[in-house]
1. Take the range 212-223 and flag every residue that is within 16 Å of ligand 4 (Cβ to nearest atom) and outside any loop (DSSP other than H, G, I, E, B).
2. For the range 131-150, which residues satisfy the criterion of being in contact with a helix residue (DSSP H, G or I) (Cβ under 9 Å, 6 or more places away or on another chain) and either among the polar types (S, T, N, Q) or within 13 Å of ligand 1 (Cβ to nearest atom) (or both)?
3. Say we look at the range 151-163 and pick out the residues that are in contact (Cβ under 8 Å) with a residue 12 or more places away in the chain and either farther than 24 Å from ARG232 by Cα or touching a helix residue (DSSP H, G or I) at 6+ places or on another chain (Cβ under 8 Å) (or both); which of these is nearest to ligand 4 (Cβ to nearest atom)?
4. If only one of ILE30, ILE60 is farther than 13 Å from VAL117 by Cβ and β-branched (Val, Ile, Thr), which one is it?
5. Does PRO107 satisfy being in a loop (DSSP other than H, G, I, E, B) and either within 16 Å of ligand 1 (Cβ to nearest atom) or not acidic (Asp, Glu) (or both)?
6. If a residue must be closer than 16 Å to LYS238 by Cα, of a type in the set (A, V, I, L, M) and within 14 Å of ligand 4 (Cβ to nearest atom), how many such residues does the range 277-298 contain?
7. Provide a single number: the residues in the range 153-203 that are within 16 Å of ligand 3 (Cβ to nearest atom) and either of a type in the set (Ser, Thr, Tyr) or in a helix (DSSP H, G or I) (or both).
8. Regarding GLY99, is this residue in contact with a Leu (Cβ under 9 Å, 6 or more places away or on another chain) and more than 15 Å from ILE7 (Cβ to Cβ)?
Amino acid sequence: MNNRAVILIVDDEVTNIEIMNAVLEDTYEICFATSGEQAIEVARTVLPDLILLDVMMPGIDGYGVCERIKSERLLADVPVIFTTGLTDQEAEVRGLSLGAIDYITKPIQPVVLRARVANHIELKRLRDQLAQMAVTDALTGLSNRRHLEETIKTEITDLAANKDWLSVILLDIDFFKSFNDTYGHPEGDRCLIMVASALTRAMHRSDNTVARYGGEEFACILPGADYDSAMRIAQGIKTQVQALNIPHSGSSISPFLTISMGVASAIAENDMTSSDWINHADQQLYLSKAGGRDMISG
Ligand code: GH3
Ligand code: MG
Ligand code: MG
Ligand code: MG
């Protein structure tokens with residue numbers, strides 16, 4: 001495995017591709033396309049970190065390719081640099097207004113190409129990092145609450161279209177304040193990390209999302225899971241948390257750490273919101289707490 005950035009070079013003249021490839025191949029993973037149609041296909045397949053895009057090509061020209069790329073959800077964030085012999089301002093402005101990040105004129109000057117590409121690759125890396133941080137909980141590495149809510153919202157729309165099930169499990173660690181009081185806050189943090197990994201292990205599908213909802217509260221989003229499957233997964237979560245065998249002498253119900261869960265399951269409908277699911281799961285969670293904790297309600 002290597003972490004080299006991937007650059008897609010698009011040009012209908014192979015000589016141009018060769019010149020740019022010679023400048024960049026030592027530092028980056030290079031793939032290329034010799035037409036607009038091929039460029040879109042390759043971009044979809046390899047999801048490059050940067051596209052060097054020729055303007056004048058037979059068939060779909062560079063502007064057309066740029067428009068297509070910016071309109072596709074998965075590709076829209078890929079930076080595009082136009083490379084062209086056109087030197088007039090109008091062409092440059094048109095490229096930039098289509099969402100290109102930069103403009104390099106031909107004939108290619110190797111040092112300029114290298115420097116601009118390096119800058120844009122670094123910016124892309126920082127943007128990706130920020131985007132990742134914006135959806136991640138720093139302590140556990142799980143999704144954060146914002147991402148949880150956004151994911152439920154998207155899932156409702158997707159699932160409602162097929163009248164499919166959505167289940168949300170909300171869970172809360174029992175007597176966690178007393179855990180911190182007994183073992184200290186750093187040990188409490190380690191406990192949260194362990195519970196997070198137990199939750200992840202209990203998931204069955206790659207489209208399941210596990211999130212840290214708040215301090216010692218977590219949530220699982222289970223698209224396509226009906227009530228019975230969700231209850232089975234909740235039981236699996238309980239088993240995984242039990243297997244951690246985390247001592248909890250401050251708990252009045254068990255010598256080990258336990259959790260309480262609330263499950264909300266329904267067939268998704270368009271007028272439902274993420275709060276509907278969270279609130280319902282929270283009411284069930286409250287029943288588990290009130291019923292003595294270490295329980296699943298749904
Ligand atoms: P219950 O069984 O009713 O859920 O009781 P509880 O003590 O777990 O609930 P409470 O809401 O009273 O306490 C939650 C505790 O979680 C209090 C807070 O200090 C702790 N907590 C919240 N976030 C963190 C964190 O990031 N790290 C650590 N170590 N503790 C946290
Ligand atoms: Mg050309
Ligand atoms: Mg709580
Ligand atoms: Mg708690």
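1. If the condition is that a residue be within 16 Å of ligand 4 (Cβ to nearest atom) and outside any loop (DSSP other than H, G, I, E, B), then ARG212, TYR213, GLY214, GLU217, PHE218, ALA219 are the ones that fit.
2. Listed by number, the residues that qualify are THR136, ASP137, LEU139, THR140, LEU142, SER143, ASN144.
3. So, considering only residues that are in contact (Cβ under 8 Å) with a residue 12 or more places away in the chain and either farther than 24 Å from ARG232 by Cα or touching a helix residue (DSSP H, G or I) at 6+ places or on another chain (Cβ under 8 Å) (or both), the one nearest to ligand 4 (Cβ to nearest atom) is ILE152.
4. ILE60 is the lone residue from the list that is farther than 13 Å from VAL117 by Cβ and β-branched (Val, Ile, Thr).
5. Against the criterion (in a loop (DSSP other than H, G, I, E, B) and either within 16 Å of ligand 1 (Cβ to nearest atom) or not acidic (Asp, Glu) (or both)), PRO107 qualifies.
6. Total meeting the criteria: 2.
7. Summing the residues that are within 16 Å of ligand 3 (Cβ to nearest atom) and either of a type in the set (Ser, Thr, Tyr) or in a helix (DSSP H, G or I) (or both) in the range 153-203 gives 14.
8. No.
Since every read-out is calculated from the coordinates, none of them should be taken as a lab result. Predicted model only: the values in this text are computed from it and were never measured. Note that we place each Cβ from the backbone using ideal geometry, even for glycine, and neighbour counts take in every protein chain shown.
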